[in-house]
Structures are given as C-alpha cells and as structure tokens.
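S.K.: Starting off with a structure, shown below.
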Amino acid sequence: GSVSMEREQLGQMASRQITFIDHLEKALMRIENKTYGLCKVSGKLISKERLKIVPHATMSIEAKNMQR
C-alpha cells in the first residue's frame, strides 16, 4: 500500500513538472516571437508583478478573473 501511494505521488509530481516545463518552453517561444507579456485576450501588456509570480502567464489578471 505505502509503496503504491508513494509511486502515485511521484507520478503526479513528475506530471506537474512536465506541464510546468512545457509552459516555460512556450513562454520562451513567445519571447523569441516578441509576444511575451501580452495578454492573449485583450492584447494589452500583462503586469510585471503578475509575470514575476507566473512567468508563463498568457493572460492579464483581469482576463483570467473574467474567465472564471
């Protein structure tokens, strides 16, 4: 039981890391394309504070809140 639960937790952690790396790679592509920091909803700049917290953000906090 314990080994199986630990394996499952490690698998979940690995999956989250893979997803995070994918988001960062896409952010690097946006930097190369000169679209990094632009909200995909409004086209306006995403605040520096948000990008410091979530460097791979694609939406401003306002757009993200409207999505909910």
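The values are calculated or read from the model by the stated rules, or taken from the named source; none is laboratory data. Keep in mind it's a predicted model, so treat the numbers as computed, not measured. No Cβ is skipped: glycine too gets one built from the backbone with ideal geometry, and neighbour counts run over all protein chains shown. Each accessible area value is taken on the protein alone, full model and side chains, heavy atoms only, with ligands, DNA and RNA left out. Shrake-Rupley method; radii C 1.70, N 1.55, O 1.52, S 1.80 Å.
S.K.: Is there any pair with a first residue in region 16-37 that is closer than 14 Å to THR58 by Cβ and free of Cβ contacts under 8 Å to residues at least 60 places away in the same chain and a second that is surrounded by 11 or more Cβ atoms within 10 Å (Cβ to Cβ) and aromatic (Phe, Trp, Tyr) whose Cβ atoms are under 9 Å apart and which are 6 or more apart or on different chains, and what are they?
M.R.: That search, which allows pairs on different chains as well, returns ALA27/TYR36; LEU28/TYR36; MET29/TYR36; ARG30/TYR36.
S.K.: Still on this structure, I have one more. Pick out, from the chain, the helices (runs of 4 or more DSSP H) lying fully within it that include 3 or more residues that are among the small types (Gly, Ala, Ser). Step through it out loud before you land on a result.
M.R.: Details: elements: 2-32, 48-53, 61-67.
So the answer is 2-32.
S.K.: For the subset of region 29-54 comprising residues that are of a type in the set (S, T, N, Q) and under 21 Å from ARG68 (Cβ atoms), which member is surrounded by the fewest Cβ atoms within 10 Å (Cβ to Cβ)? Break it down into steps so the answer makes sense when it comes.
M.R.: Of the residues in region 29-54, the ones of a type in the set (S, T, N, Q) are 33, 35, 42, 47.
Imposing the further condition that a residue be under 21 Å from ARG68 (Cβ atoms) reduces the set to 42, 47.
Details: SER42: 13, SER47: 15.
Selected residue: SER42.
S.K.: Same structure, new question: Within region 1-32, take every residue that is within 30 Å of ILE46 (Cα to Cα) and of a type in the set (Ser, Thr, Tyr) and give me the one that is farthest from the chain's Cα centre (by Cα).
M.R.: Once the filter is applied, the top-ranked residue is SER15.
S.K.: Looking at region 7-26, can you tell me whether even one residue there is touching a Cys at 6+ places or on another chain (Cβ under 9 Å) and open to solvent by less than 90 Å² (accessible area, probe 1.4 Å)? Working first, answer last.
M.R.: Going residue by residue through region 7-26, those that are touching a Cys at 6+ places or on another chain (Cβ under 9 Å) are none.
The answer is no, given that none of the residues of region 7-26 is touching a Cys at 6+ places or on another chain (Cβ under 9 Å) and open to solvent by less than 90 Å² (accessible area, probe 1.4 Å).
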